[in-house]
Amino acid sequence: MTLNHLKNATLVDIYQRSEAGQKNENQDAIGARIPQGSTQTVKGIALVIADGVSAAEAAQEASQASVTGFLTDYFSTPDTWSVKKSALKVLQSLNHWLYGQSQSHIQGRGYLTTLSVLIIKSNSAHIFHVGDTRIYRLRNNQLEQLTNDHARHLSGNQYYLSRALGADLSLDIDYRVEEVQQNDRFLLTTDGIHDVLSTREIEEVTANENLESIPNELHRLALQKGSTDNLSSQVVHIHTLQDVSAPDAYKALRELPFPPDLNTDMVIDGLRVIRLLQDSERSQLYLVEDSQHQLCVMKTPSRNYLDDPAYIERFVMEEWIGSRVSSPNIVKTIAPMQRNFLYYLTRYIPGPTLEAVIKQRGRLDITDAIDITEQLVKALRALHRKETLHQDLKPANIIISATGAVLIDFGSCLVAGIDEIQAPFAREVALGTAEYSAPEYRYGGPRSEKSDQFSLAVVLYEMLTGKLPFGAAYEKAATLPDFRKLIYQSSALHNPMVPIWLDTSLKKALNINPDLRYASLSEFVFDLKHPNTEVSSNMSSPLIETHPVQVWQTISAFLFAIIVALCLWINRLL
């Protein structure tokens with residue numbers, strides 16, 4: 001399935017120019033790319049300008065390689081990634097390459113360059129910047145500089161760059177996001193222009209109605225003012241922003257009609273229905289067989305949501321996500337040979353759900369529970385590498401197959417790269433299942449990979465105990481103060497076989513404060529398999545603090561037994 005309902009309607013004009021000026025060699029580099037179709041929707045429009053550091057012998061190679069490399073690699077990053085993650089990954093890679101070239105070159109040639117990147121995606125402008133190239137915005141004939149020069153003053157007119165691409169293994173790059181409005185103009189320049197022209201002069205030229213003349217006029221004026229450096233400029237004018245209307249989006253989402261109610265032996269698009277697997281208020285699952293007698297699971301949307309574009313978008317996204325994530329511990333989507341209705345197919349995985357296993361066995365052996373957790377971590381990491389949160393991890397969404405645990409259902413996933421695209425309707429906010437979802441979903445805190453970690457820890461707790469870590473009170477909590485009042489119930493109270501170091505690892509992953517959970521899932525798994533005395537000592541608290549009710553009940557029972565024994569002894573004496 002495609003995301004035609006988000007098709008980018010942004011129309012821009014870009015004009016650019018780069019020349020050596022008074023120098024013999026042009027060490028500047030510029031580039032722009034306006035991709036077509038879905039690539040523009042998920043990645044945006046990009047402009048890049050670079051100025052090789054003159055003191056470095058390989059300045060020209062550095063600037064050209066940076067511009068070309070960025071425009072090539074950025075558009076090759078996963079569709080699911082946000083602009084920030086995609087661009088920073090590429091910039092870090094370029095920085096390492098430039099630094100490595102400088103260090104390994106026999107003649108010690110330096111590969112250093114400044115770099116400014118402008119990416120326009122949906123209704124936002126993403127700006128990445130290092131060095132003294134600049135990005136301006138002209139709005140309502142008012143020019144605003146959006147970047148800060150990374151240059152320090154020495155004396156007189158002498159400055160030196162405090163930051164540059166390729167200068168160090170660690171890259172410190174500025175990043176900001178600005179809202180884009182129709183008729184905005186963005187200007188990118190190198191210091192050969194903005195070092196000799198005043199802000200007022202740049203503003204007057206950039207406001208020119210003849211867009212094509214702007215770079216030429218800036219260069220002419222800079223040379224006239226005595227510029228002795230290379231000159232490069234790019235101007236982009238936003239004619240029309242993404243303005244897909246709600247009716248148009250709904251029409252695109254309804255390109256395929258909802259399928260009818262399906263019964264056993266019915267055939268739809270060459271797929272024979274064997275039986276209904278699950279029927280809920282939001283969807284239906286059917287076991288079907290294709291023409292090659294291969295078993296698949298067909299998920300169909302509920303007709304309760306025929307007129308709900310937010311629901312249909314989320315349903316369409318499920319297959320889109322599944323087709324972009326690969327892991328033996330995540331159910332695999334299958335593209336049908338033909339499709340005349342709205343549904344999607346996944347590989348059929350024989351086996352019970354983890355929910356059914358827990359109901360049958362009550363609680364699992366510690367070794368089995370940790371093994372399943374480790375497999376689920378592999379599934380979550382595959383999603384997280386695509387900057388996607390599952391958001392609904394629970395035993396009912398986990399199949400225990402002959403080869404291991406398999407995570408199913410993408411209905412609540414949050415994809416960073418799609419979330420930053422504005423939709424013409426209010427999107428559904430997925431909160432997952434209350435008993436398993438992290439607190440931040442309900443009190444409105446920021447979601448992160450640690451939110452999936454919390455849900456995973458709840459599932460592990462249930463595998464070990466057959467219970468939930470905060471009892472019935474957790475589901476009723478709604479605000480941060482509510483959650484802070486909750487008391488973690490030690491898993492050892494429900495299962496004496498759980499060692500203290502394992503329980504304290506669970507407690508850390510289940511912390512109400514996401515910042516106090518594990519930094520990564522791999523750390524969580526390591527502590528589950530290797531006793532961590534540091535975690536145990538830091539996390540353990542007296543029973544009177546963690547379980548006051550149980551402690552006082554035990555003390556009361558003990559005192560009552562003593563009183564009864566004393567009464568019996570006194571009666572005998574009498």
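Just one of the listed residues (SER93, SER66) is surrounded by fewer than 18 Cβ atoms within 10 Å (Cβ to Cβ) and assigned to a helix (DSSP H, G or I), namely SER93. Considered as a group, the residues in segment 10-33 that are outside any loop (DSSP other than H, G, I, E, B) and among the hydroxyl-bearing types (Ser, Thr, Tyr) include one that is farthest from VAL235 (Cα to Cα), and that residue is SER18. Give me a count of the residues in segment 32-44 that are surrounded by fewer than 21 Cβ atoms within 10 Å (Cβ to Cβ) and touching a Leu at 6+ places or on another chain (Cβ under 9 Å). Residues in segment 32-44 being surrounded by fewer than 21 Cβ atoms within 10 Å (Cβ to Cβ) and touching a Leu at 6+ places or on another chain (Cβ under 9 Å): 3 in total. It is to be established whether one or more residues within segment 414-432 are touching a Gly at 6+ places or on another chain (Cβ under 8 Å) and modelled with pLDDT under 90. Yes: one or more hits. Tell me, yes or no, whether segment 501-514 has at least one residue that is touching a residue at least 60 places away in the same chain (Cβ under 8 Å), assigned by TED's automatic domain parsing to the domain that holds SER437 and in contact with a Lys or Arg (Cβ under 7 Å, 6 or more places away or on another chain). Yes, segment 501-514 contains a residue that is touching a residue at least 60 places away in the same chain (Cβ under 8 Å), assigned by TED's automatic domain parsing to the domain that holds SER437 and in contact with a Lys or Arg (Cβ under 7 Å, 6 or more places away or on another chain). SER437 falls short on exactly one of the conditions (1) under 25 Å from VAL316 (Cα atoms); (2) within 20 Å of the chain's Cα centre (by Cα); (3) surrounded by fewer than 18 Cβ atoms within 10 Å (Cβ to Cβ), and that condition is (3). Scanning segment 426-446 for residues that are part of a loop (DSSP other than H, G, I, E, B) and among the aromatic types (Phe, Trp, Tyr) gives a single hit, TYR436. Just the residues that are surrounded by 15 or more Cβ atoms within 10 Å (Cβ to Cβ), of a type in the set (Ser, Thr, Tyr) and within 18 Å of SER491 (Cβ to Cβ), please, taken from segment 351-372. None; the set is empty.
Based on what the data block shows, is SER451 among the small types (Gly, Ala, Ser), in contact (Cβ under 8 Å) with a residue 40 or more places away in the chain, part of a helix (DSSP H, G or I) and crowded, with 17+ Cβ neighbours inside 10 Å? Full working, then the answer.
Working: among the small types (Gly, Ala, Ser): yes; in contact (Cβ under 8 Å) with a residue 40 or more places away in the chain: yes; part of a helix (DSSP H, G or I): yes; crowded, with 17+ Cβ neighbours inside 10 Å: yes.
Yes, satisfied.
Do the conditions hold for GLU57, that is, is it among the acidic types (Asp, Glu), farther than 17 Å from LEU171 by Cα, assigned by TED's automatic domain parsing to the domain that holds VAL205 and more than 31 Å from the chain's Cα centre (by Cα)? Considered against the rule, which asks whether it is among the acidic types (Asp, Glu), farther than 17 Å from LEU171 by Cα, assigned by TED's automatic domain parsing to the domain that holds VAL205 and more than 31 Å from the chain's Cα centre (by Cα), GLU57 comes out as yes.
The residue that is surrounded by the fewest Cβ atoms within 10 Å (Cβ to Cβ), among those in segment 492-510 that are modelled with pLDDT of 95 or more and of a type in the set (Gly, Ala, Ser), is ALA509. Selection of first residues in segment 250-270 that are in contact (Cβ under 8 Å) with a residue 40 or more places away in the chain and of second residues that are surrounded by fewer than 15 Cβ atoms within 10 Å (Cβ to Cβ) and in a helix (DSSP H, G or I), restricted to Cβ pairs under 6 Å at least 6 apart or on distinct chains, gives the following pairs, ordered by first then second residue: PHE258/ARG303.
How do the helices (runs of 4 or more DSSP H) wholly within segment 141-225 filter down when requiring 1 or more residues that are surrounded by fewer than 19 Cβ atoms within 10 Å (Cβ to Cβ): which remain? Even if it seems obvious, please write down each step before you answer.
Working: elements: 191-194, 199-206, 213-224.
Filter on segment 141-225 gives 199-206, 213-224.
For the residues ARG176, ARG272, ARG185, ARG220, the requirement of being over 18 Å from SER116 (Cβ atoms), at pLDDT 95 or above and in the same structural domain as TYR15 (by TED's automatic domain parsing) singles out ARG220.
Return yes or no: is ALA369 within 26 Å of the chain's Cα centre (by Cα), at pLDDT 95 or above and small (Gly, Ala, Ser)? Working first, answer last.
Working: within 26 Å of the chain's Cα centre (by Cα): no; at pLDDT 95 or above: yes; small (Gly, Ala, Ser): yes.
Taking the combined requirement at face value, the residue does not satisfy it.
More than 20 Å from ASP172 (Cβ to Cβ), free of Cβ contacts under 8 Å to residues at least 60 places away in the same chain and surrounded by fewer than 17 Cβ atoms within 10 Å (Cβ to Cβ): does that describe SER76?
On the way: more than 20 Å from ASP172 (Cβ to Cβ): yes; free of Cβ contacts under 8 Å to residues at least 60 places away in the same chain: yes; surrounded by fewer than 17 Cβ atoms within 10 Å (Cβ to Cβ): yes.
Yes, satisfied.
For segment 40-58, give me the residue count where each residue is touching an Asp or Glu at 6+ places or on another chain (Cβ under 8 Å) and assigned to a helix (DSSP H, G or I). So the answer is 2. Taking segment 198-222 as the range and being more than 23 Å from VAL67 (Cβ to Cβ), aliphatic (A, V, I, L, M) and over 38 Å from the mean Cα position of the chain (by Cα) as the test, the residues that pass are VAL205, LEU221. When ILE349 is tested against (1) closer than 18 Å to GLN284 by Cα; (2) in contact with a Phe, Trp or Tyr (Cβ under 8 Å, 6 or more places away or on another chain); (3) among the aliphatic types (A, V, I, L, M), exactly one condition is not met: (2).
Residues that are surrounded by fewer than 23 Cβ atoms within 10 Å (Cβ to Cβ) and not hydrophobic (A, V, I, L, M, F, W, C) were ranked within segment 81-90; the one that is farthest from ILE321 (Cα to Cα) is LYS89. Could you check how many residues of segment 295-350 are closer than 23 Å to TYR250 by Cα, among the basic types (Lys, Arg) and modelled with pLDDT under 95? Number of matching residues: 3.
For every residue, the table says whether it meets (1) outside any strand (DSSP E or B); (2) without any contact (Cβ under 8 Å) to a residue 12 or more places away in the chain; (3) more than 27 Å from VAL267 (Cα to Cα).
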{"position": "PRO336", "(1), (2), (3)": "yes, no, no"}
{"position": "ARG339", "(1), (2), (3)": "yes, no, no"}
{"position": "THR346", "(1), (2), (3)": "no, no, no"}
{"position": "GLY351", "(1), (2), (3)": "yes, no, no"}
{"position": "GLU355", "(1), (2), (3)": "yes, no, yes"}
{"position": "ILE358", "(1), (2), (3)": "yes, no, yes"}
{"position": "THR367", "(1), (2), (3)": "yes, yes, yes"}
{"position": "ILE372", "(1), (2), (3)": "yes, no, yes"}
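The values are calculated or read from the model by the stated rules, or taken from the named source; none is laboratory data. Keep in mind it's a predicted model, so treat the numbers as computed, not measured. Positions of Cβ are generated from backbone atoms using ideal geometry, with glycine treated the same way; all protein chains shown enter the neighbour counts.
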